[in-house]
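Student: Before I ask anything, let me first share the structure, which is written out below as structure tokens.
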């Protein structure tokens, strides 16, 4: 069944159709929530809150944007609310983190070639400031356009581009440092 | 070319490739089931609460209309009626009936769904 049909069904009160919407979008929501909330114990609960909000507000969806963009926007704002509640919105500056956090035992020859590097990159991405890891996730992982990321986060396009550029620069620098340190 | 420059020139594409890989934030297999159960509970409680307050509002409305009409038609005996209603066990019985009704309509259904 097409997504628009499913949305119409849910609007008419068909909860069964909502199950398909959840199945189609749970990866997207898990990625956004995972990258912003970070705490694995809380990801499931926040994802549930996101989908409950989607269900409650589905009548507000007018089809002016892609449905995934709309859901991503709800997920992003729900995560911010969650973090605000936990008073964790104060960012940890990546430069404040100890360098040992990023070091590994991998040989430089196999950098990018094994799971250890993926794990390391994930660790570095998770230690980025919230706005950086949000745009990295939306742009690369979910392949949203700049305009869509603007819709989701409310950040101006220029800020998104500069956050993306800085985030990549930090990632490259940290990975490079790790590679050089392990030589 | 030093190591760092070499890294920078080669890493861009690889970095982007890695950033597109699944970071492994997976939800449990029964996520959708649990979610739908939660939504059903919320819907049911919301509906039953609305039903309860609708009935309560209707009963209160009828009582107020009755009292106003009685007061308008028979002012002298109204105080007697008032003391008859508010003295003795009548208020306790009314509160008890409302409590039972609320338990049946909202709380019991909520407990059943939470099982």
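What follows is calculated from the coordinates using simple rules that are stated; it is not laboratory data. What you see is a predicted model, and the numbers here were worked out from it, not measured in a lab. Because the Cβ atoms are built from the backbone with ideal geometry, glycine has one as well, and the counts that use them run over all protein chains shown.
Student: Can you put B:28, A:162, A:176 in order, fewest other beta carbons within 10 Å first?
Tutor: Neighbour counts put them in this order, fewest first: B:28, A:162, A:176.
Student: Follow-up question, since we're still on this one. With a 10 Å Cβ neighbour count serving as the proxy for reagent exposure, in which order, fewest first, do A:12, A:66 appear?
Tutor: Fewest-to-most ranking of A:12, A:66: A:12, A:66.
Student: Radius of gyration and Dmax for chain B's Cα atoms, expressed in Å?
Tutor: 32.2, 107
Student: Which residue fluctuates the most in chain B, going by a Gaussian network model with Cα springs under 10 Å, if the choices are B:101, B:25, B:89?
Tutor: B:25
Student: For every helix of n ≥ 4 consecutive DSSP H residues, a contribution of -39,500 (n - 2.57) applies; sum these over chain B, divide by its total residues, and give [θ] at 222 nm rounded to the nearest 500 deg cm²/dmol.
Tutor: My calculation for chain B gives -27000 deg cm²/dmol from helical runs alone.
Student: Provide a whole-number value for the mean count of partner chain Cβ atoms within 10 Å of the Cβ atoms in peptide B:32-38.
Tutor: Details: counts 8, 2, 2, 12, 7, 0, 5.
Mean inter-chain Cβ contacts per residue within 10 Å come to 5.
Student: Another question, then. Taking 45 Å as R0, compute the FRET efficiency from the Cβ-Cβ separation of residue B:62 and residue B:12 and round it to 0.05.
Tutor: For R0 = 45 Å, the calculated efficiency reads 0.05.
Student: Per residue of A:70-82, what is the mean number of Cβ atoms on other protein chains within 10 angstrom of that residue's Cβ?
Tutor: Per residue, the number of nearby Cβ atoms from other chains is 0 on average.
Student: Now, a different point. If I take R0 = 30 Å and measure r between the Cβ atoms of residue B:46 and residue B:90 in this structure, what FRET efficiency does the formula 1/(1 + (r/R0)^6) give, to the nearest 0.05?
Tutor: 0.40
Student: With 10 angstrom as the radius, rank B:79, A:160 by how many other C-beta atoms surround their C-beta, starting from the fewest.
Tutor: On the way: B:79 10, A:160 24.
Listing B:79, A:160 from fewest to most nearby Cβ atoms yields B:79, A:160.
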